[in-house]
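Written below as structure tokens is the structure these notes are about.
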Amino acid sequence: MKTYQVVGIGNAIVDVIAQCDDSFLDHMGIEKGIMQLIERDRAETLYAAMKDRTQAPGGSVGNTIAGLGNLGLKAAFIGRVRDDALGLFYEAALHGEGTDFPNVPVAGADLPTSRSMIFVTPDGERSMNTYLGISAEVSTGDVAPEVVEEAGILFLEGYLFDKDQGKAAFLAAAQACHRGGGRAGIALSDPFCVNRHRDDFRRLVREDMDYVIGNQHEWEALYQTDLDTALDQAAAECGLVVCTRSGADVILRAGAERVEVPVHRVTPVDATGAGDQFAAGFLYGYATGRDLATAGRMGCVAAAEVISHFGARPEADLKLAFREAGLL
């Protein structure tokens, strides 16, 4: 029996969320509906301009791990924070959710804890302005072998693949997970990141990953072709591939098996975290031995829950939602 059913490695980011209208975005020069990386000075300016802000522990894989905790799985999250106010908040919040956080906040680091200023407009679109700070410095020294070897499933965040030390950390983590008999996978995270590191991503998917989750744009960027051809190539190189398509059917491929899971469209209150919670629902199904169709449907139910309210982490009991959908 493994210590952890799932271990995630990703950016440890505090989400700072505020509501605004389109005119505020225009005034502040914020591009609507996307994630932008910003520098420290810009982060301080936007933070000061936020009204009635709330904060929550975030980061893409961090949100997924929180969703898995909501579902009752034993999970851990590996990431870097500083011992500043936001870093201590992040550590306490994870422990409060029942998630292990093996990496203690770094004392006296030059870079502060990462934060993402998220502006949510009335149509539910979120405009994310992320200052990466210390979280982007994850290296092999942060990945304790005794933690990842005890993972049934390892889930990696593609954003961290941007730096050489992140690539090395991912390779070491995948190898340790496999030594312990676990399964390793990654979220592609961003087509721009894929374009910057295509050859390395392809090698990682082909040689070290048991499963990969991405959206249509990320898969097409990875293989530089149309979606069906890209998924054919991916399925030939990796045991399990998952493709989300912004409200269209989700496609899951395992060898010759292909499953399409319908998505029931709803008007989002806040689209933040939809992909993260899809991953949580899917990984719950994957970790508990469900078939592809059931795991895909679990992902869709979890995503629908998170976009029904503000914030990137589930508020309702996801297991109850699965039962109501006939999945448990």
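Brief remarks on what is shown
- Paramagnetic reach from Ile34 (point 7 Å along Cα→Cβ, amide N under 15 Å) across the range 121-165: 126-130
- Net charge over other residues, Cβ less than 15 angstrom from the Cβ of Asp291 (K, R count +1; D, E count -1): +2
- In sequence order, calculated HN-Hα J values of the range 13-25 (Karplus, 6.51, -1.76, 1.60; Hz; x Gly/Pro): 10, 8, 7, 10, 10, 8, 8, 7, 10, 5, 5, 5, 4
- The average projected area of the range 171-328, computed from the convex hull of its Cα atoms over all directions, is 9.4 nm².
- Relative to the current alpha-carbon distance between Ala92 and Thr267, full extension at 0.36 nm per residue lengthens the span by 59.7 nm.
- Estimated distance in nm for a label pair at Gln165 and Arg196, the labels positioned 7 Å out from Cα along Cα-to-Cβ: 1.6
- Subtracting the Cα-Cα distance of Ala316 and Ala254 from their residue separation scaled by 0.36 nm leaves 19.2 nm.
- Taking a sphere under 12 Å around the Cβ of Thr99 and counting the other residues whose Cβ falls inside, with K and R at +1 and D and E at -1, yields a net charge of -1.
- For q = 0.13 Å⁻¹, Debye-computed log10 I/I(0) when each Cα of the range 1-111 counts as one equal scatterer: -0.58
- Isotropically averaged projected area of the range 250-327, using the convex hull of Cα atoms (one quarter of hull area), nm²: 4.9
- Whichever aspartates and glutamates have a C-alpha closer than 16 Å to that of Lys2, once near sequence neighbours (fewer than 8 apart) are set aside: Asp100, Glu146, Glu149, Glu150
- Summed side-chain charge close to Gln55 - residues other than Gln55 whose Cβ falls under 14 Å, Lys, Arg +1, Asp, Glu -1: 0
- Label point distance in nm, Arg179-Thr225, each placed 7 Å from Cα along Cα→Cβ: 3.6
- Only helical runs count toward this figure. For the chain, summing -39,500 (n - 2.57) over DSSP H runs of n ≥ 4 and dividing by all residues gives -12000 deg cm²/dmol at 222 nm.
- Entry note, the chain: relative contact order of 17 percent, from Cα contacts under 8 Å with a spacing of 6+ residues.
- Ranked by how many other beta carbons lie within 10 Å on average, peptides 290-298, 253-261, 11-19 from highest: 11-19, 290-298, 253-261
- Among the listed values (i) 14; (ii) 56; (iii) 29, the one computed from these coordinates for percent of Cα pairs over 35 Å apart is (i).
- Two tests apply to each whole DSSP H helix in the chain, Cα reach of 18 Å or more along its axis and mean Kyte-Doolittle hydropathy of at least -0.5, and the ones passing both are 164-179, 274-287, 292-306.
No value in this document is a laboratory result; all are computed from the given coordinates. Quantities reported herein were computed from a predicted structural model and do not represent experimental measurements. For neighbour counting, all protein chains shown are included, and Cβ atoms are generated from backbone atoms with ideal geometry for every residue, glycine included.
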